[in-house]
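So the structure is just underneath, and the comments pick up after that.
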Amino acid sequence: MNHELDYDRDYDSEDELFKNSLKQILQMSLERENEMMKTYLITAERIHDNEELQNRLRNFAEGNAKRSRQLMDELKNNV
């Protein structure tokens, strides 16, 4: 491993991601996941001639829902 590229090797507090910043990042990610989930579901509902695509879009939305739950757990338990 090349430790010259390991920016936090010396545990410099300048490199630390503070809780407030982390919370903002996780909240932004949660909002994005929710928006993508809504977009996939709305798009799937508007497709009437391609059931396979509908199912894929719904699966994408389920993945977003799972990540949203995980992000909410992180925000609740760790930040």
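Please treat every number below as a calculation from the coordinates, not as lab data. Predicted model only: the values in this text are computed from it and were never measured. Cβ atoms come from the backbone with ideal geometry, glycine included; neighbour counts cover every protein chain shown.
Yes or no: segment 65-75 includes at least one residue that is in contact (Cβ under 8 Å) with a residue 40 or more places away in the chain, touching a Ser or Thr at 6+ places or on another chain (Cβ under 8 Å) and either in a helix (DSSP H, G or I) or surrounded by fewer than 15 Cβ atoms within 10 Å (Cβ to Cβ) (or both). The answer is yes; a qualifying residue exists.
Among the residues making up segment 34-52, a single one is within 20 Å of the chain's Cα centre (by Cα) and acidic (Asp, Glu): GLU35.
Scanning segment 20-51 for residues that are touching a residue at least 24 places away in the same chain (Cβ under 8 Å) and touching a Leu at 6+ places or on another chain (Cβ under 6 Å) turns up LEU26, SER29, LEU30, TYR40.
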